[in-house]
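Colleague: Dropping the structure in here first, questions after.
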Amino acid sequence: MADEVRDPIKGEGYAAAHLDGMGEGYGFRKVRRVLDVTAFGINAIVLPAGIETGFHYHDVQEETYFVHRGRLEFEFGDGRKLVVGPGGFVRVDAATHRKVRNVGDEDVVYVVVGGKDGYVGREAHVPEGDSRIRG
C-alpha cells in the first residue's frame, strides 16, 4: 500500500497534495499553483464560523463550488439564500452576484473551480492492452 499524500508531490505528468500541505489557517489554499493546474482555476477556502466573503462576480469565469466540510450559505444578487452542507455543489454564472457565509459552528472547507469556454467532452482512453478491472 502506498503512503498517504501530505506534502505536495510532483511527478512526470501529475501532481498531488493534501489541503494541509497547501497552507495554514484561514483563507485561500492555491490549489492551481500547488498542483500546476493550467486548464481552469481552482482554490480551496477555509472559512471560520460566522464569517462571510462579501459579494463578488466575474466577467467571464463560471464557478462551481463544492462544500467539503461544514455548512455554507450562498446569497445571490436576487436576494435568494441557499444553505449547502458537506457533499453539496453550487454552480454560478460569471456575472451573477454572490457571497458565501459560514453558517455552521465549525470551520467550513469548500472548493471553487472556475473556467470558461465550455465542456471538452468525453475523451478518456484505456491504454492498449490494459484490460484490468479497476476498483
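The values are calculated or read from the model by the stated rules, or taken from the named source; none is laboratory data. Given the structure is predicted, the values throughout are model-derived calculations rather than measurements. Please note: Cβ atoms are built from the backbone with ideal geometry, for glycine as well, and neighbour counts cover all protein chains shown. Only protein heavy atoms, including side chains, enter the accessible area calculation; ligands, DNA and RNA are left aside. Shrake-Rupley method; radii C 1.70, N 1.55, O 1.52, S 1.80 Å.
Colleague: Among the strands (runs of 3 or more DSSP E) lying completely within region 1-75, list those that include at least 2 residues that are of a type in the set (Gly, Ala, Ser).
Modeller: Of the strands (runs of 3 or more DSSP E) lying wholly inside region 1-75, those with at least 2 residues that are of a type in the set (Gly, Ala, Ser) span 14-16, 41-47.
Colleague: So which of 89, 55, 66, 74 is open to solvent by 90 Å² or more (accessible area, probe 1.4 Å) and either aliphatic (A, V, I, L, M) or within 16 Å of the chain's Cα centre (by Cα) (or both)? Full working, then the answer.
Modeller: Details: 55 fails: either aliphatic (A, V, I, L, M) or within 16 Å of the chain's Cα centre (by Cα) (or both); 66 fails: open to solvent by 90 Å² or more (accessible area, probe 1.4 Å); 74 fails: open to solvent by 90 Å² or more (accessible area, probe 1.4 Å).
Result: 89 is the single residue among 89, 55, 66, 74 that is open to solvent by 90 Å² or more (accessible area, probe 1.4 Å) and either aliphatic (A, V, I, L, M) or within 16 Å of the chain's Cα centre (by Cα) (or both).
Colleague: Follow-up. Test of understanding: among 13, 87, which residue is touching a His at 6+ places or on another chain (Cβ under 9 Å) and at pLDDT 95 or above?
Modeller: Numbers: 13 fails: touching a His at 6+ places or on another chain (Cβ under 9 Å).
Among 13, 87, only 87 is touching a His at 6+ places or on another chain (Cβ under 9 Å) and at pLDDT 95 or above.
Colleague: When you look at residue 100, is it open to solvent by less than 80 Å² (accessible area, probe 1.4 Å) and either assigned to a loop (DSSP other than H, G, I, E, B) or closer than 27 Å to residue 5 by Cβ (or both), yes or no?
Modeller: Answer is no for this residue.
Colleague: Just checking, how many residues over region 1-47 are in contact with a Phe, Trp or Tyr (Cβ under 8 Å, 6 or more places away or on another chain) and loosely packed, with under 14 Cβ neighbours inside 10 Å?
Modeller: 0
Colleague: Pairs, please: C-beta under 8 Å, at least 6 apart or cross-chain, first residue among the charged types (D, E, K, R) and in region 81-106, second open to solvent by less than 20 Å² (accessible area, probe 1.4 Å)?
Modeller: Correct list of pairs: 81/74; 91/63; 91/65; 98/74; 98/92; 99/74; 101/72; 106/70.
Colleague: Which ones in region 107-119 are of a type in the set (D, E, K, R) and in contact (Cβ under 8 Å) with a residue 40 or more places away in the chain?
Modeller: 107, 116
Colleague: For the list (1) out of contact with any Leu (no Cβ under 9 Å at 6 or more places or on another chain); (2) of a type outside the set (D, E, K, R); (3) surrounded by 11 or more Cβ atoms within 10 Å (Cβ to Cβ); (4) at positive phi, I need the number of the one condition that residue 112 fails.
Modeller: Just one mismatch for residue 112, condition (4).
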